[in-house]
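The values are calculated or read from the model by the stated rules, or taken from the named source; none is laboratory data. What you are looking at is a predicted structure, and each value in this text was computed from that prediction instead of being measured. Cβ: placed from backbone, ideal geometry, glycine included. Neighbour counts: every protein chain shown. The protein model used for the area step is the full one, side chains on, heavy atoms only, and it has no ligands, DNA or RNA in it. Shrake-Rupley method; radii C 1.70, N 1.55, O 1.52, S 1.80 Å.
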Amino acid sequence: QVQLVESGGGLVQAGGSLRLSCAASGRTFSSRAMGWFRQVPGKEREFVGSIGWSGASTSYADSVKGRFTISKDNAKNTVYLRMNSLKPEDTAVYYCAVHRGWYGSGSSKVDEYDYWGQGTQVTVSS
């Protein structure tokens, strides 16, 4: 019932910036918290950050805190992940996801999200 389309991934040098976008279809976006996760081969999917349903609250993994910023534009049905000061260890496939709750703040747990985007590759060269 919900489709998420991600864009903005690519190749960037260390210290550079990228902004990922996740455009959502369906009627649930404005009432749902959203999350960003990333995954590298052989590793579990890792929490990056989340944003509450209204966009008023955010939460970040320690590894990206101070460098990444999540925002949510309910009028455009889009959530963003702005990534600054990128490091090679940020290289991963990045996924956006819809939290299962209604009017919630999101969480860091993969299994609490019920819709996922296709993923977009971010590669940071040293």
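Here are the numbers for this structure:
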quantity: Accessible area in square angstrom per residue, the chain, 1.4 angstrom probe; calculated: 51 Å²
quantity: Set of lysines near LYS43 by C-alpha distance (under 25 Å), chain-local residues within fewer than 8 positions excluded; calculated: LYS65, LYS87, LYS109
quantity: Check: segment 1-53 dipole with +1 on Lys, Arg Cβ and -1 on Asp, Glu Cβ, in debye; calculated: 100 debye
quantity: Cubic angstrom per residue, convex hull over Cα atoms of the chain; calculated: 90 Å³
quantity: The chain: relative contact order in percent, alpha carbon pairs under 8 Å with at least 6 residues between; calculated: 36 percent
quantity: Segment 53-64 - phi-based ³J(HN,Hα) in whole Hz, Karplus 6.51/-1.76/1.60, Gly and Pro as x; calculated: 4, 8, x, 7, 10, 9, 9, 9, 5, 4, 5, 10
quantity: Heavy-atom accessible surface of segment 9-96: percent carbon and sulfur, 1.4 Å; calculated: 47 percent
quantity: Under-5 Å amide H pairs with SER57, H placed in peptide plane, nonlocal only; calculated: GLY52
